[in-house]
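Asks: Mind looking over this structure? Questions follow.
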Amino acid sequence: MSEPDKSSTAETFGELVGQHVDDERIQLGRAALVITRIEYPELRFEPYLKRIEQFAGRVRERLAADSGVVESVAAINHVLFVEAGFRGNREDYYDPRNSFLNDVLDRKLGIPITLALLYMEIARLVGFPLFGVGMPGHFLLKHYDVEGRETLIDAFNGGRVVTASECQVRLDEIYDGQVTLRPEFLMSVSRRQMLTRMLSNLKNIYLSARNFRKMLDVVDLILAIYPRSAEDVKQRALLRYNLGQSRAALEDFDEYLKMSPDASDADEIRQAALAIRRNLATMN
């Protein structure tokens, strides 16, 4: 695939993650690099994809034909965390650079989900399949062996293999003992869900900074994954309205009402849409 069209990030993203693409065929590394266009519109992807392939090559050199789970995890951990020096960014967890794969590769710093994505891509290239695990507050990886046994891996903590009890300890640290581990917390998630969680993290960062223009870019990408998400259509309408994009906001409000005509806020949205129409009429 050639370098993406820099003028249509959402369209490029949609080509990679849209519903016409089987989830297991989504190219996570490339899709994550498309997300970086929010901050780096001129970024070239190929050097970063090549770097991931080089890491995989170094891992492959450490593996034998009959390497199992223990050997595979040890090889990836050695290359990523010992040789290359990647680590979780505990000092500035909410730095937006932790959510951009190019920055993670350049700085060797990341948050659980971006380090997990890098780990997962390297593992895929060496034939060691992994799945994302969307535990609340902390993202993990999971491997199933041929007998269905599960291995949980924490890429944020050096690729450490963790147990369910250790996951409860982590939840206690994050939620001050108020959240009890449930089986569904350790279920694997789809690639689309993984990318959506990355985008949601970014959206929250930009919301805290009141950077509505960047928030709008993020919501555009979420809608490239789930175009029928009524709540995201409504949020895009509100963002567009606040950014002075009245006509585009009106289109989204109308689309939201078509999707959710009986929503609890439908009357309020209809009034907002009517006000925009009246305002636009006075400008003609």
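The values are calculated or read from the model by the stated rules, or taken from the named source; none is laboratory data. Note that this is a predicted model, so its numbers are computed, not measured. Glycine gets a Cβ as well: all are built from the backbone with ideal geometry, and neighbour counts include every protein chain shown. When the accessible area is computed, the model is the full protein with side chains, heavy atoms only, and any ligands, DNA or RNA have been set aside. Shrake-Rupley method; radii C 1.70, N 1.55, O 1.52, S 1.80 Å.
Asks: From the list ASP154, ASP172, pick out the single residue that is surrounded by 17 or more Cβ atoms within 10 Å (Cβ to Cβ) and modelled with pLDDT of 95 or more.
Replies: On the way: ASP172 fails: surrounded by 17 or more Cβ atoms within 10 Å (Cβ to Cβ).
One residue alone meets the criteria, ASP154.
Asks: While we're looking at this one, here's another question. Name the one entry in LEU238, LEU216 that is assigned to a helix (DSSP H, G or I) and either open to solvent by less than 60 Å² (accessible area, probe 1.4 Å) or touching an Asp or Glu at 6+ places or on another chain (Cβ under 6 Å) (or both).
Replies: The match here is LEU216.
Asks: Could you list, in sequence order, all residues of segment 79-100 that are in contact with a helix residue (DSSP H, G or I) (Cβ under 8 Å, 6 or more places away or on another chain) and either acidic (Asp, Glu) or open to solvent by 30 Å² or more (accessible area, probe 1.4 Å) (or both)?
Replies: GLU83, ARG87, ASP92, TYR94, PRO96, ARG97, listed by residue number.
Asks: May I pose another question? Might you let me know whether segment 166-178 holds any residue that is in contact (Cβ under 8 Å) with a residue 24 or more places away in the chain and within 21 Å of ALA56 (Cβ to Cβ)? Before the answer, list the steps.
Replies: As a first pass, look at segment 166-178 and keep what is in contact (Cβ under 8 Å) with a residue 24 or more places away in the chain: 167, 170-171, 174-175.
So of that shortlist, the ones also within 21 Å of ALA56 (Cβ to Cβ) come out as none.
No, segment 166-178 contains no residue that is in contact (Cβ under 8 Å) with a residue 24 or more places away in the chain and within 21 Å of ALA56 (Cβ to Cβ).
Asks: Still on this structure, I have one more. What are the residues in segment 175-189 that are of a type in the set (Val, Ile, Thr) and either more than 27 Å from GLU91 (Cβ to Cβ) or part of a helix (DSSP H, G or I) (or both), if any?
Replies: Once the filter is applied, which keeps residues that are of a type in the set (Val, Ile, Thr) and either more than 27 Å from GLU91 (Cβ to Cβ) or part of a helix (DSSP H, G or I) (or both), segment 175-189 yields THR180, VAL189.
Asks: Please specify each residue of segment 21-79 satisfying the condition of being closer than 23 Å to SER99 by Cα, in a loop (DSSP other than H, G, I, E, B) and charged (D, E, K, R).
Replies: Listed by number, the residues that qualify are GLU39, GLU42, ARG44.
Asks: Return the residue satisfying two criteria in turn: it lies in segment 219-235 and is aliphatic (A, V, I, L, M) and within 20 Å of GLN271 (Cβ to Cβ), and of such residues it is surrounded by the fewest Cβ atoms within 10 Å (Cβ to Cβ).
Replies: In this case the residue turns out to be ALA230.
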